[in-house]
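Visitor: Mind looking over this structure? Questions follow.
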Amino acid sequence: MRNIMIMAAFLVGLGTIMAELADKMTSSPALAKNVSQKAPVEAPVRTGGRSLSIPSDARGHFLTEGRIDGQRIGFLVDTGASVVALNEKSAARFGFRPNRSDYTTTVSTANGTIKAARTRLAMVELDGIVVRDVDAMVLPDEALSENLLGLSFLSKLKRFEYANGRLVLEQ
């Protein structure tokens, strides 16, 4: 039952992201112009100890850069995703190249149902916040344009909360 609930949370989060990406791809040029005129995106701020404050972008999303096993990677923080989700291109950079037979987990997205491959990341780091042994999934590139930092990372923190347009992570 727990696995079903975790997968359901992941699917809801992934579906939300995919719907937002579809909206972004079909937005009018006038809307795109208005978004580009907004203030530049603020960088994440280290708030002392092992705490990080990530500002939202113009769309209200939390984008940050992290590291997997010491190598840089961009993430969209997604509190609705049950696990860290990597597209195939990013996963390959870290040596995760699942065979077609490894894609055994069914995932529902805004683009339909797809298969994903489970993996485990030895270490994920965001500006000094280090989490080891993190569950993840690899999804086909066409199903996932941005890598998601989900609850398999976030749930191992002391806390994470939204306050004043920022997502605060604390270990």
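Every number here is computed from the coordinates shown, using simple stated rules; none is lab data. These numbers were taken from a predicted model, which means no experiment stands behind them. Virtual Cβ from ideal backbone geometry, glycine too; neighbours counted across all protein chains shown.
Visitor: Considering only the other residues whose Cβ falls under 14 Å of the Cβ of residue 142, what net charge follows from Lys and Arg at +1 and Asp and Glu at -1?
Guide: Here the count lands on -1.
Visitor: Still on this model: At 0.36 nm per residue, and after removing the present C-alpha to C-alpha distance, how many nm does the segment from residue 105 to residue 130 gain when stretched out fully?
Guide: The residue 105-residue 130 span can extend by a further 6.3 nm.
Visitor: I need the semi-axes of the equivalent ellipsoid of the range 73-131: take the C-alpha gyration tensor, multiply each eigenvalue by 5, square-root it, list largest first in whole angstrom.
Guide: 21, 16, 10
Visitor: Then there's this: Report the gain in length on full extension from residue 59 to residue 79: 0.36 nm times residue separation, minus Cα-Cα distance, nm rounded to one decimal.
Guide: Separation in residues times 0.36 nm, less the Cα-Cα distance, equals 5.6 nm.
Visitor: Residue by residue through the range 92-97, what is 3J(HN,Hα) from phi via Karplus (6.51 cos²θ - 1.76 cosθ + 1.60, θ = phi - 60°)? Round to whole Hz and write x for glycine and proline.
Guide: With the stated coefficients, the range 92-97 comes to 4, 4, 9, x, 9, 10 Hz.
Visitor: Could you tell me the center-to-center distance, by alpha carbons, between the range 58-94 and the range 119-171 in angstrom?
Guide: 7
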